[in-house]
Amino acid sequence: MSHLKSMKAMQISRRGGLEALKMVELSVPTPTETQVIVKVLTYGPNPCDVLLSAGLMQVPGWLPAGSLPYVDGMDGAGIIERVGHKVKHFQKGERVFWTFSSTGTCAEYCAVEAKYLFHLSNKLSFEQGAALGMPFISAYRGVVFKGNAKKGQTILVHGASGAVGLMGVQIAKYKGLTVIGTAGTPEGIEVVRQAGADHVVNHREADSANKILSLTNGEGVDIILEMVVSVNGPTDQKVLKKGGTIVVGINSWALMY
């Protein structure tokens, strides 16, 4: 990479949809002492990228999207090209995935703070690695840290067919919980079932709350991972066990810290 001075990148110069994206030529980033420069092999888009570009989501000031123009994208996977001198746990040539690129992922190279970088197993493809970032971290933090999940408990994952939901289902099963997932289409229900959920309920059905209660013998669930509390709040109140936990907005910025 030492001879490379420029790279191609997808830049957003105004708020909008796909029409706001433009291919540009930019300088290859130079790492700070705590950053790593990665050759981007796969970009993992997620809903936040779309909302940020459209101006429909509050942008944390430390993200590239906080000011225009900026390079699109936060999550991705690739190979390390250069390492800041204070970075001790990563080396050039290693396979990695990340979330929160400091310079934007939708480019040939990007800078990532080492604390947002993770080694990518050889068992996973770069495409799979790029899909881990925000969904996996959000779901793990929701199930394990905020939900304090314990083996033998029952967890309800609302919207389990989405990226965060599917990760939540798999993490909860790995931790030994009984998992009830919800989805709104036959295709979504099947995806959630294949991810390992013990039970799947169609949240569009009027009696979904009663079905969830019946699956717990009327006791209710210990934990709820809630994606859209403004819609599912009434159901949550009916099916949550006394003393249970609702983790709200698990794909939000607040949960990442």
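The values are calculated or read from the model by the stated rules, or taken from the named source; none is laboratory data. All of these numbers come straight from a predicted model, not from anything done at the bench. FYI the Cβ positions are ideal-geometry reconstructions off the backbone, even for glycines, and counts take in every protein chain you see. Surface accessibility is based on the protein's heavy atoms, side chains included, excluding ligands, DNA and RNA. Shrake-Rupley method; radii C 1.70, N 1.55, O 1.52, S 1.80 Å.
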C-alpha long axis of helix 163-174 to longest principal axis of the chain, angle in °: 60 degrees
At q = 0.14, 0.16, 0.19 Å⁻¹, base-10 log of I(q)/I(0) for the range 32-174 (Debye sum, equal scatterers on each alpha carbon): -0.70, -0.88, -1.12
Answer label for mean projected area of the Cα convex hull in nm² (calculated), chosen among [x] 14.7; [y] 16.3; [z] 15.4: [x]
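Just the number please: accessible area per residue for the range 1-43, 1.4 Å probe, all protein chains included, in Å². It would help to have the intermediate numbers written out before the result.
On the way: 2620 Å² over 43 residues.
Per residue, the range 1-43 has an accessible area of 61 Å².
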Share of carbon and sulfur in the accessible heavy-atom surface of the chain [1.4 Å probe, %]: 54 percent
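Rank these by accessible area, largest first, 1.4 Å probe: Y43, Y116.
Details: Y43 65, Y116 35 Å².
Most to least solvent-accessible, the answer reads Y43, Y116.
How big is the antiparallel share of DSSP beta bridges in the chain, given as a percent to the nearest 5?
65 percent
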Within a Gaussian network of the chain (alpha carbon springs, distance under 10 Å), most fluctuating of A195, A172, A206: A206
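Suppose a student asked you for the relative contact order of the chain, using Cα pairs under 8 Å spaced at least 6 residues apart; what percent would you report? Walk me through the numbers before you get to the answer.
Working: 569 pairs, mean separation 36.5, N = 257.
Across the chain, relative contact order equals 14 percent.
Checking the table K150/K173; K211/K238; K115/K150; K146/K242; K175/K242; K115/K151 against a 19 Å threshold on Cα-Cα, which pairs fail? Working shown, then result.
Details: K150/K173 11 Å; K211/K238 11 Å; K115/K150 27 Å; K146/K242 17 Å; K175/K242 22 Å; K115/K151 29 Å.
In this structure, K115/K150; K175/K242; K115/K151 lie more than 19 Å apart at Cα.
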Using alpha-carbon coordinates, inclination of helix 229-239 to the longest axis of the chain, degrees: 40 degrees
Spin-label model distance (nm) - K150 vs Q194, 7 Å beyond Cα toward Cβ: 3.5 nm
Cα-based Rg / Dmax (Å) for the range 138-257: 12.5, 36
Counting DSSP beta bridges with both ends in the range 74-207, the antiparallel % (nearest 5): 50 percent
Solvent accessible area, Å² - V229, 1.4 Å probe, full protein context: 70 Å²
For F97, solvent-accessible area (1.4 Å; no DNA, RNA or ligand), Å²: 20 Å²
D (Stokes-Einstein, µm²/s), Kirkwood Cα radius, the range 108-200, 0.692 mPa s at 37 °C: 233 µm²/s
